[in-house]
């Protein structure tokens, strides 16, 4: 039974030190940690991190950011997770005080997500994904005039989880909207959820949405 969920930004720049002495996403990190704390406050028995694409890992997982260019000085272990969105979700969970095992999986298979979130145990979910990455001249990808309205639509959908408001998958892919897969998997679950907060920011030409839901 899903008791609470949060949508969190997928960037390793949330982690102090990744950008050197700069800290460009301090406000986004604070919001993401607060959202993660809201999920943990619902006292879940299990924590699931849902990310775009394909992934499956379980146990005492350790976030590793070598894929984001951060050297890892510790010996490699079977619990290392170097998928950047998953590592971000794990890092936020640890920073917020989660001390148990974690199940991390990709949202490309909504059925697998439903199986993890819809069982009898109390589950908290951390969805990791962002809005468009084509907002302005400093964006990671070339600017696209469609990005602003697509991000606005994403925020409305996150608030409602109404399938009729789901973004067009082709457009979302063109705009680099990585939140669509994880949120779609949550919406497909059909669980009675109430959005308690949603906010979007636009640092460095990318849109990051932080949201929380609780069981209705």
**Study point:** Calculated [θ] (222 nm, deg cm²/dmol) that DSSP helices of n ≥ 4 give over the chain, each run adding -39,500 (n - 2.57)
**Key:** -9500 deg cm²/dmol
Practice item. Out of all DSSP beta bridges with both ends in segment 2-215, state the antiparallel percent to the nearest 5. Key: 45
**Study point:** segment 10-118 - share of DSSP beta bridges that are antiparallel (%, nearest 5)
**Key:** 35
Revision key, fill the gap. Residues 38, 195 in order from fewest to most other beta-carbon atoms within 10 Å are 195, 38
Check your understanding: Which whole-number percent is the relative contact order of the chain (Cα, under 8 Å, 6+ apart)?
Key -> 29
Check your understanding: What shape does segment 2-215 take by its C-alpha gyration tensor, where a ≥ b ≥ c are the square roots of the eigenvalues and a/c under 1.5 counts as rounded, a/b above b/c as prolate, and the rest as oblate?
Key -> oblate
Exercise for review: Name the residue, out of 154, 171, 117, whose mean-square fluctuation peaks in a Gaussian network model built on the chain with Cα pairs under 10 Å.
Suggested key: 171
Review point. Most fluctuating residue of 88, 18, 51 in a GNM of the chain with Cα springs under 10 Å: which is it?
Key: 18
Review point. Listing 11, 212 from the residue with the fewest other Cβ atoms within 10 Å to the one with the most, what is the order?
Key: 212, 11
Revision key, fill the gap. Going fewest to most other Cβ atoms within 10 Å around each Cβ, 177, 1 line up as 1, 177
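Assign one of three labels to segment 24-88, namely rounded, prolate or oblate, based on the Cα gyration tensor with a ≥ b ≥ c the square roots of its eigenvalues; rounded applies when a/c is under 1.5, prolate when it is not and a/b is larger than b/c, and oblate otherwise.
In terms of gyration-tensor shape, oblate.
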Check your understanding: What is the spread of the Cα atoms of segment 30-130 along each of their three principal axes, largest first, in whole Å?
Key -> 39, 29, 26
Review point. Just 145, 199, 184 to compare: in a GNM of the chain, with alpha carbon springs under 10 Å, which one fluctuates most?
Key: 145
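The numbers here are math on the coordinates, done by the rules we state, and not lab data. Here the structure is a predicted model, which means the values were calculated and not measured. Note: ideal-geometry Cβ built from the backbone for every residue, glycine included; neighbour counts use all protein chains shown.
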